[in-house]
Structure formats: structure tokens, C-alpha cells
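Asks: The structure under discussion is supplied below as C-alpha cells; questions concerning it will follow.
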Number of protein chains: 4
Amino acid sequence: MPGRPLEELLALARGARVYDLGFDLHAGIPHFPTHPPFVFGLTKRHGEIVIDLPDGRLASSSADAISTGTHVGTHLDGLGHFSCNGMLFGGAAASAQSYETGLETHGLETVAPILRRGVLLDVAGLEGAPILPKDFSIGPQHLEAACRRQKVEIRAGDVVLLRTGWARYWPDPATYVMGGRGSAPTGPGPEIDGAGWLSRQRIFATGSDTLAYEKVPSAMQVHVHLLVESGIHIIEVLNLEKLAEDGVSEFLFVALPLKIRGATGSPIRPIALAV
Amino acid sequence: MPGRPLEELLALARGARVYDLGFDLHAGIPHFPTHPPFVFGLTKRHGEIVIDLPDGRLASSSADAISTGTHVGTHLDGLGHFSCNGMLFGGAAASAQSYETGLETHGLETVAPILRRGVLLDVAGLEGAPILPKDFSIGPQHLEAACRRQKVEIRAGDVVLLRTGWARYWPDPATYVMGGRGSAPTGPGPEIDGAGWLSRQRIFATGSDTLAYEKVPSAMQVHVHLLVESGIHIIEVLNLEKLAEDGVSEFLFVALPLKIRGATGSPIRPIALAV
Amino acid sequence: MPGRPLEELLALARGARVYDLGFDLHAGIPHFPTHPPFVFGLTKRHGEIVIDLPDGRLASSSADAISTGTHVGTHLDGLGHFSCNGMLFGGAAASAQSYETGLETHGLETVAPILRRGVLLDVAGLEGAPILPKDFSIGPQHLEAACRRQKVEIRAGDVVLLRTGWARYWPDPATYVMGGRGSAPTGPGPEIDGAGWLSRQRIFATGSDTLAYEKVPSAMQVHVHLLVESGIHIIEVLNLEKLAEDGVSEFLFVALPLKIRGATGSPIRPIALAV
Amino acid sequence: MPGRPLEELLALARGARVYDLGFDLHAGIPHFPTHPPFVFGLTKRHGEIVIDLPDGRLASSSADAISTGTHVGTHLDGLGHFSCNGMLFGGAAASAQSYETGLETHGLETVAPILRRGVLLDVAGLEGAPILPKDFSIGPQHLEAACRRQKVEIRAGDVVLLRTGWARYWPDPATYVMGGRGSAPTGPGPEIDGAGWLSRQRIFATGSDTLAYEKVPSAMQVHVHLLVESGIHIIEVLNLEKLAEDGVSEFLFVALPLKIRGATGSPIRPIALAV
């Protein structure tokens, strides 16, 4: 019967619990110090310009402007965000880039809509901690133990999300970014052994609820390994609290990065569909 | 069997044809003259800052900044974008708004992820024209005829997309925005009778491939009717060419607006999933 | 005696009354609807990042980001802001311009620091009105009468400022931009006859306290005449109230436009030195 | 005789050599990593919108948008840029600040136009080096020796500019910002002893041709000493090459910071008038 699979898809989508994994965007949200902050302002306020409608009523419109770094708030790292020895993933020259138009290859406009199996590995839950300490290194042993504990397996092409609990620090920028007092971004995450375990699963992307994804301070080896060596996207600043609270380990992960030509990243508002 | 519906959902998503309904974002894209343009620039170029990796290799990163109006490129109009006689949809005061923090009600952070049945009504196709003329008014008769011709019905809660063919003018801003020479935005779309027909179907949102959605120049009555009177979102600057080319009339429409607090609109990259 | 003229210059500068002709920049200031608004936000708040000083005290810094159109607030129009029949002042092709890098000729980086004789013509004062009405056309007769009344003459190379009194509307954007209710910029200023009188004096620049300088609505002939045909800069959104109040007609006018490469305009904060 | 001092001032200004101490602003200029870069884009290109003039000619306009950190390019540090133990200069609470509206005290709108005696101390010239090495500390002995060598004295209220020669690195961001390869801003300048010598002269402001003014890396003690303890403004990213080449040691220094409400800094385009 024609239309049957669409009706099924619509029914599944309608019946799914939708988890919103993005944070609100507004002035003052935490951001990596080297990425420009999110800035907002009206372009026009209601009542500034008033239009007479034919029926005598008065209409008005309001609109806004934003400026932001492309790695601010919940966002996706494009593969061109890092280079190693002058090369991007696949061997393209990192120098093929201009200040005005960005990257010639791996720009965000080349990233397809993401609809993939998602897996949450709740490392904080595994450790029995509401929030992992700032120097916690997520290694293969934690990833494997989390899979066992949650009875979930990783498949090629998946999006694997690691929960550290740092989303709870979001309202306090100094703690979210630096783990407290200090001047260098600091927080838990995988180091090279954890990242290597993930890349061996041939996943599509991995993300977490921290600002830097990898354990920082670092020489950013995990970014190099995932983006440059493995072609695996990184997603940062996810809100994973509700998923974990509800014990959801598997879901359809959906993210639709803006096709910013030549860009190294894009704000996203990802969701998890659990059925 | 546990997990069965998720496997079905994943299989349906994997098997679906994904239509990308958003345009690339870059300097010079068409924009309504009163909305700030899309502006892009690097914050850091590969090679500017070089980090020594422990193994002797040299890492570098690059990143970008953007600034843009929230109604530029493919985007969603929040319900607070228009007011009438000083009131927003539902009766909230339009004056409850500040230049720095935006709307107190109906801000974009209140818009849930959109996963709904989508319907394309190909009005250009109905008229046998590659592109509708700039003064074409899409009335109830066209909407009904398009439904009949495409053998599709509208249901409450749908997202209804109207194709005028103007996406083909996208590479030429003067034509896309003003239909050629001039200084006022001009283009085809529904007037109040067409909009009234749509709102009577109790849809969730309607969009088109033009800049203004409604036929312009106008007093913006259609925006007032849909956003303020009916609580129906408007989506503008969609690329509907491929959907029409493939004769796709029904699909799962997915859009994930950024949760910009207090904002009247958000850039989106919507997709249609056809199965 | 060496250094003597510098001591004189310093003494004159020190003894001068300095009139500040610019307005504050902040969210919500009036702007021409087609120019992006002034938007401000912190990049970092005091206390977010704290540094230990060697003596045990705690230091912190704060910083900001802005985005704005280059024709917003008190600003200077570069000669490349308008074109006529495809040509800029002097005959350069207006098409020699890109979205990313701006104009190839007449970019703001080519505008020298401005230190010139300034003359205020108080047209509102001449008319005995605190504020000129929105449809007031400033003609040669007003300019000549103002010169006579104020006992001042125009010289080649001068900067001539016209006072309409509209600076008093500044706190109310709808009135400042549109003269009240409406949707098109509206306000007093010279039409082509007044502008022709000014250009015949071979002045360097002319400005006023309105948003558009010329009487609007218009086809912008005055901008074309001054910028494109005459090579005379236009300065808009000046605060001339204090100068007029003190009856200052002649002064050293100083403005230091930002050298924004390829730009058509720049925010400035001009001053008048009266001695 | 009325008007006499103005004619003298005009004659002095006209006869002066004007040194432009600011750099061009464009995509890709060096910037402190934690300050958002300068980003530029057109809002409208010539020919996009065409207006019919009454005489049959066709007019068009073009305009631009920028976004930038307020401490990018040649700029002035407001006194509120740094705090110490939670206090700004004069004892105001650093916490009296919001992400949307900035500082309650010491915002840039409070900085008067700057027209003051300026002194260049050419420390690079003193050392017989075209460019000082990146770890050079400018101490009291260098400042005193430069005064003696240039036969110039410092007076209360002056603006004292220190030349290191780093302006020559401006075209190469990695060298200008970090002195070559690395990830932390690095360069020559005063440490606390040099800054203390300057503050004891009760000057109004001091600047240099580097990004950070003080010798970096540092705990930013010099910023704290000058801005917070002494109420002395800092000016960064000056182009002092031509002044030094011409052997100009004394001049009228003019800078007109934008009155950005609540801001901690402003781009400026300062000049030196030598007579």
C-alpha cells in the first residue's frame, strides 16, 4: 500500500520521546576563551515601525541580530577544525583557506544532515558520581564498562555521547570552562587511549557535555586523532542530563548543522529520539 | 522484543531519501534589506598558532566567527516576529521586550524541535511554469488544485510548503529579493485569502522558497494573520527544487531551530525525509 | 626657538572648549532600517577568569564585542557609498567590489584624518524653531541667510554642519528615524538645490544631525550629487545641540574615521574645538 | 580681534605634519586570541538595489557591516578593562556589570576626547635594534636613557608611547602575536618597574606598538598597576614607525574613542600632530 512506510515513520516520530540536547543561546553563556562569545541584539523593536493594515489595525514587526563564534554553545566540529603537519583529514592542505571565505575543503557546507544511531555512555553514572572531577581521564576501560553496565554496544557509523555531568555547571561559566578558578580551560574527557578505542569502533561522531570534549589542558591530541586522523566529528556542549536521568542508552540522534560555507564548525541543536 | 521500535526507526531513517531544504550560508547571500546580512570571517587560520604534539608532530586549529540577522538564509519565524495592535499571539504585550534580551514570551527558546508531516504544494508545477511571476497571488483555488493534482491532503499539525520556483533566482540577489530592478522586496506568494485557507487547516507551519513568504509588496497582513492571529510559524528561503523534481508530496519534515533566547527567528537547515 | 609652535598648539588645544559631536553607542540606538544595528555584548566578565598576582592579590579582566553597520550612530560616508550609472566618484567602476573585501577604490582606509575649519549653520535657529518639521527642505536661501545671521562665511575645504534640531529626537528611535509613525525614513534636510549651493563652495564635507542628511523620503539625489559627482563626504547623526546653544559658528573640526579596508563608511566621534 | 586664536589654531593644524598611528582594519589582522577578530562584510553591493533618479540616471548604494572585539586593532583600554580583588580604579565594584550592557562605571562613554602632549620614547632606537627581542623588559633605565637621548621630558598629563619596533611584524600575525611559533602571546614591553616609573610621572596614558603593551607572558601586573591602581589608560597596536623614522619626539596626540556605553575598550585611529 503506497504511503505505508511514511505513515510508519510519522507514527514512530510522533510516538518518540524527544530529548533536546542543546543549550539555550544568550549573552553570557560559557565559551572557550578563544572563541567569540554569543552576542544578541534587536534590529527593531515592536512599535518602532508601525504599518497600517487595510482594516485599520496597526501591525509591527521585531527582529534580531546575532554574532557568535562557530564553536560556541552546543556545536559540531567540522573535520577542518584541526590540522596536523599542515594537513587536514584526507591529506588536503590546511593552507587552502582564506580569512574571508574559510576552508576550501571540509567546510561545514559539506556535512550531510546527521540521522544516525546514537549511544549514550554515562561515565559519571558508571563512577557513581553526579559530576566527574576535572582531571578525570575517560579511558577504554570506562567505555567498555559503561557499555556492559548499560547493556549497549557500539556500531560502526554511530554517534557516541559521553556523559561527565558537567552540564550541571553550565549556569556558572567559570566552573564550566575552567573547573573553578584559573585561566585555562580544564575538564574531564578522553585522552588518546580513550579516543583510540572510540575510533577503532569506526563511529561517525562522538560528543560530550563539556566544552573541550577531550581532557584539558592538553596538546589537543584527541582532536587531532579524531578529526584529522580518523575523520570523526566531535560534538561539544551537549546537555545529556535528561537522557541519563531516564536511562536512555540508544536512540536516533538527529543534528542539522548550518551549511556555513568554508566554516570549521556550526552551532547545532541536536535531539535524541527514543522509542 | 525490547529495542524493536528503535531498530525500525533507524531502518526507516537509514532507508529514507533525505532532501536538504536549506541554502548554503556565505557572504553575499540574498537577504531582506532590513535584516543584517550573513557575515563570516576566520578567528584563527591554520598555522597561526602551532602546538607541539608529544610525538613531535605539529598541530594547529582554525575557527570562525559569524554575524547575521536571525531572518537571513533559510529560517523560521517565531510567533513573536509580528504584533498587531500591540499584542503578540495569545495576547501577550509586544512591549515586553528589550533591545538587549529580546522577547519575554514566544522567544525562539520556546520552539520545540519540529518533526512533523510535511506536504509540498507545487504551485509553479500546477501553473506549468518553471518560476511563478513576481505578482502571482497564491489563492485557495491554487492550493486546492495542487492538492488534487498531487493527490495529497492537508492534515492538522502539518508543515505545508509552497513552491514558487524562486529558489532558482537564489544566485542573483537582486532578482531573488526584488524580482529584478527596484528597491522594495517583491515576489509571489499567498495573500490573505490563501493564508486564510491554510490557517483553516490548523497546520503548524507553512513555508516557501521566497524571501517574504507572502506576496510582496504588502502591508504584511499574511504574517499578521499566520503568526499573530493563528499561531502558525512561517519558514522562508527554502530550497524546494529537488523535492518537486522528484515529485515528492509527503514527507517527514524535520527542523531544529536554535534556541536563541528572546529571539524572533532562527536560521535552520530543514530536511524532508521521504520513504 | 625650537618647539615653540608645538607649545602654542598645545596651549591652544588645552585652552579650547571641546564639543563632543557624537552620540553614545548602545543597543537600541536609532538606525536606518537597512543598516545593521549596533549590538554589544561582553566576551568575558570580571571574575570569570581570575589570575593570581605575585603579591597574592587576584586580578581579572573583562572585554567586549560589538557588531554594527558602518553607517550606524554618528558616522562618515565614504565616497564609495553611492554610485551613479555604475560609477563611483572619479569614474571608478562600482562593480570593483566584493562581498568579503569591499571596495577596491575609495575604501575608508583612504580617508585621511580630518582636521579642518568647521562651520555650523543653525537652520533651526534661523527659523526660530527648536526642531525643523519633517518635510522642511533646506535651500540655498536658508544657507545664505544662516551665514548672514551668524556672520560666518564658507571657505573651500570646510566642513559645513547643518542643524535641524533632530538630535533632540534621538532618545526616541521611531521619531528620529521616521518622524513619527510610519515605515520609511523621513526628515528634513537639503534637496538638490541646497546641496548644489554647498558643492559650489568646494567644501570637503557636510553633515547634519539627522539620519539621512538629505530630506527624505527621496531618490537620494543629494547623496549622489555630493558623494559621486562632487567628492564631498557626508556626516550623519551629529549632536549639534551644544554648539548651537553656545552660539559657536566656527571651529576646528576633527574626525578620525577608522581605516576599515574597502568600507563605505565608518563610525566616528567628531569634535569641534572652539577657541 | 575676534577669531584670531581660531585662525592661529587652524593655521597650526594646517601646517602640521599628521602622523597616522593606526593600522588598517580588515579580515586577518593580528588579534589577541581571546578577543574576537575583526570581521567585515557587505550588507549591499552596488547594483543590487537600483533607484531611478528623476533625470533618468540610475543610482545605487553599497554598505557594510563589521563585528569585532573592542580590543582589536589599534585601540584604547578603558579603566574598567581590569580589576583587582574585585575592584576597578577608584574602588567601584567590578561586579557592577552585565553581559548585555557592560560596565556601570568607567564605560568608554565616559572617556573624553584625548588631545594631549604626546611623547615618543624610541626604545628600539635606543638599543640600536630595528626590533626589540621578544623577551625585552623595558625598565626605568631605558625610559630615562631614551628621554636623555631624545632630549625630551615627560610631563604630568602626557601620553607616552614606547616604540619596540614590533609594528614591523604586523603583516605576520603569528610573529606579531606570539613572537613566532607558540600559542601564548609573547612580546617585549615594560614590567612592573617600568610601569611604576611611568605612573610616577602622573601621565594620562601610555601606549606601544605591541599587542599587549606589557612584556608577556605575564600575570598582567602592568595592566593592573596602570589601569586599576593608577587610572592611566593603555593604548595598544600603534604604528610608531614613521614617527621614529622622522625623529619626532614631541607632538599633539589626538584620539577620539567611540563612546561605546559600558565598554572596556574602543578601536581608535590616533594621530600625532608635529609642528
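The values are calculated or read from the model by the stated rules, or taken from the named source; none is laboratory data. Quantities reported herein were computed from a predicted structural model and do not represent experimental measurements. Neighbour counts run over all protein chains shown; Cβ positions are idealised from the backbone, glycine included. The protein model used for the area step is the full one, side chains on, heavy atoms only, and it has no ligands, DNA or RNA in it. Shrake-Rupley method; radii C 1.70, N 1.55, O 1.52, S 1.80 Å.
Asks: Quick one: compute the contact order of the range D:1-134, relative version, from alpha carbon pairs under 8 angstrom and 6+ residues apart, as a percent.
Replies: Values: 119 pairs, mean separation 20.5, N = 134.
After rounding, I find 15 percent.
Asks: First obtain the Kirkwood hydrodynamic radius of the protein assembly as shown from its Cα pairs, then insert it into the Stokes-Einstein equation at 10 °C and 1.306 mPa s, and state the resulting D in µm² per second as a whole number. Let's see the in-between values first.
Replies: Numbers: Rh = 30.6 Å.
Estimated via Stokes-Einstein, D reaches 52 µm²/s.
Asks: Among D:Asp172, D:Asp55, D:Asp24, determine the one that fluctuates most according to a GNM of chain D built with springs between C-alpha atoms less than 10 Å apart.
Replies: D:Asp55
Asks: A:Arg14 label points, 7 Å along Cα→Cβ, one per copy: pairwise distances from this copy to the rest in nm, shortest first?
Replies: List, nearest first: 2.6, 8.3, 8.3 nm.
Asks: Enumerate the calculated ³J(HN,Hα) couplings along the range A:160-173 in order (Karplus 6.51 cos²θ - 1.76 cosθ + 1.60, θ = phi - 60°), each rounded to whole Hz, writing x wherever the residue is Gly or Pro.
Replies: 10, 10, 9, 9, 10, x, 5, 4, 5, 7, 3, x, 10, x
Asks: If you plug each phi of the range A:225-234 into the Karplus form 6.51 cos²θ - 1.76 cosθ + 1.60 with θ = phi - 60°, what whole-Hz ³J(HN,Hα) values come out, in order, with x for Gly and Pro?
Replies: Computed from phi, the couplings for the range A:225-234 are 4, 6, 6, 8, 8, 10, x, 9, 5, 10 Hz.
Asks: Rounded to a whole number, what is D in µm²/s for chain C from Stokes-Einstein with the Kirkwood radius over alpha-carbon pairs (37 °C, 0.692 mPa s)? Don't skip to the answer; put the middle values down first.
Replies: Values: Rh = 20.0 Å.
This corresponds to a translational diffusion coefficient of 164 µm²/s.
Asks: Chain B: which residue's Cβ hugs the B-to-C rotation axis most tightly, distance rounded to whole Å?
Replies: Of all Cβ atoms in chain B, the one nearest the axis gives B:Pro36, 2.
Asks: Okay, next question. When the Karplus curve 6.51 cos²θ - 1.76 cosθ + 1.60 is applied with θ = phi - 60°, which whole-Hz ³J(HN,Hα) does each residue of the range A:209-214 get, with x for Gly and Pro?
Replies: Calculated HN-Hα couplings, in order: 8, 9, 7, 10, 6, 7 Hz.
Asks: Determine the per residue accessible area of the range D:232-275 with all protein chains present and a 1.4 angstrom probe, expressed in square angstrom.
Replies: Details: 850 Å² over 44 residues.
I get 19 Å² per residue for the range D:232-275.
Asks: With no solvent and one equal point scatterer per Cα, compute the Debye intensity ratio I(q)/I(0) for the range D:57-179 at 0.12, 0.15, 0.20 Å⁻¹ and report its log10, rounded to two decimals.
Replies: Each listed q corresponds, in turn, to -0.73, -1.01, -1.21.
Asks: Give me the distance between the Cα centres of the range D:74-144 and the range C:143-208, rounded to whole Å.
Replies: With the range D:74-144 and the range C:143-208 each reduced to a Cα centre, they are spaced 38 Å.
Asks: Follow-up question, since we're still on this one. Expressed in nm², what is the orientationally averaged projection area of the convex hull enclosing the Cα positions of the range B:123-275?
Replies: On the way: hull surface 36.5 nm².
Convex hull of Cα atoms, orientation-averaged projection: 9.1 nm².
Asks: Find every distance from the label point of A:Gly86 to the corresponding label point in the other copies (7 Å from Cα along Cα→Cβ) and write them in nm, one decimal, shortest first.
Replies: Nearest to farthest, the other copies are at 4.3, 5.3, 6.7 nm.
Asks: Using only DSSP helix segments of four residues or longer, with each worth -39500 (n - 2.57), what per-residue ellipticity at 222 nm results for chain A after dividing by its residue count and rounding to 500?
Replies: Numbers: 6 runs with 48 residues, N = 275.
Computed ellipticity for chain A at 222 nm equals -4500 deg cm²/dmol.
Asks: Counting only protein heavy atoms and using a 1.4 Å probe, what share of the accessible area of the protein assembly as shown belongs to carbon plus sulfur, as a whole percent? Could the numbers behind the result be given before it?
Replies: Working: 18140 of 35140 Å².
C and S atoms contribute 52 percent here.
Asks: Would you kindly work out, in nm and rounded to one decimal, the distances from the label point of B:Arg168 to those of the same position in each other copy, ordered shortest first, with label points 7 Å along Cα-to-Cβ?
Replies: 5.7, 5.8, 6.0
Asks: For q values of 0.13 Å⁻¹, compute log₁₀ I(q)/I(0) with the Debye formula on a Cα-only model of the range D:190-275, without solvent.
Replies: Evaluating at q = 0.13 Å⁻¹ gives log10 I(q)/I(0) of -0.47.
Asks: How high is the relative contact order of the range D:185-275, in percent, with contacts defined as C-alpha pairs under 8 Å that are six or more residues apart? Let's see the in-between values first.
Replies: Values: 118 pairs, mean separation 22.6, N = 91.
25 percent.
Asks: Over the Cα atoms, compute the radius of gyration (one decimal) and Dmax (the largest Cα-Cα distance, rounded to a whole number) for the range B:187-229, in Å.
Replies: 9.5, 26
Asks: Between chains B and A, what is the buried accessible area in Å², counting both sides, with a 1.4 Å probe and ligands, DNA and RNA left out, to the nearest 100? Walk me through the numbers on the way to the answer.
Replies: Working: alone 13950 and 13960 Å², together 19880 Å².
So the buried area, both faces added, is about 8000 Å².
Asks: Now, a different point. Please express the Cα-Cα pair-distance distribution P(r) of the range A:58-120 as a list of whole percents, one per 5 Å bin, running from 0 to the bin with the greatest distance.
Replies: 3, 12, 18, 19, 16, 11, 8, 5, 4, 2, 1, 1, 0
Asks: Within 10 Å of each candidate Cβ there may be at most 12 other Cβ atoms; applying that plus a DSSP loop requirement, which GluC sites (Glu not before Pro) in the range B:80-154 survive? List each step's numbers first, then the result.
Replies: Details: sites: B:Glu100, B:Glu104, B:Glu109, B:Glu127, B:Glu144, B:Glu153; in loops: B:Glu100, B:Glu104, B:Glu153.
Hits after loop and neighbour filter: B:Glu153.
Asks: About the Cα centre of the range C:164-275, what is the dipole size in debye to 20, counting +1 per Lys and Arg Cβ and -1 per Asp and Glu Cβ, all else neutral? Could the numbers behind the result be given before it?
Replies: Numbers: 9 positive and 11 negative charges, 75 e Å.
About 360 debye.
Asks: Next question, about the same structure. With Rg and the Kirkwood Rh both taken from Cα atoms, where does Rg over Rh land for the range B:161-201?
Replies: On the way: Rg = 12.6 Å, Rh = 11.6 Å.
Rounded to two decimals, Rg/Rh equals 1.09.
Asks: A follow-up question, please. Roughly how many debye, to the nearest 20, is the charge dipole of the protein assembly as shown about its Cα centre, given +1 on each Lys and Arg Cβ, -1 on each Asp and Glu Cβ, and no other charges? Don't skip to the answer; put the middle values down first.
Replies: Details: 92 positive and 116 negative charges, 0 e Å.
With Lys and Arg at +1 and Asp and Glu at -1, about 0 debye.
Asks: Please state the relative contact order of chain D as a whole percent: Cα pairs under 8 Å, 6+ residues apart?
Replies: Working: 623 pairs, mean separation 79.3, N = 275.
Relative contact order comes out at 29 percent.
Asks: If you don't mind, there's one more thing I want to ask. Using the Cα centre as the reference, give the magnitude of the dipole from point charges on the C-beta atoms of the range D:1-124 (Lys, Arg: +1; Asp, Glu: -1; all else neutral), rounded to the nearest 20 debye.
Replies: Details: 8 positive and 13 negative charges, 63 e Å.
That gives the range D:1-124 a dipole magnitude of about 300 debye.
Asks: Counting only heavy atoms of protein chains, what accessible area per residue, in Å², does the range A:1-129 have with a probe of 1.4 Å?
Replies: On a per-residue basis, the range A:1-129 sits at 33 Å².
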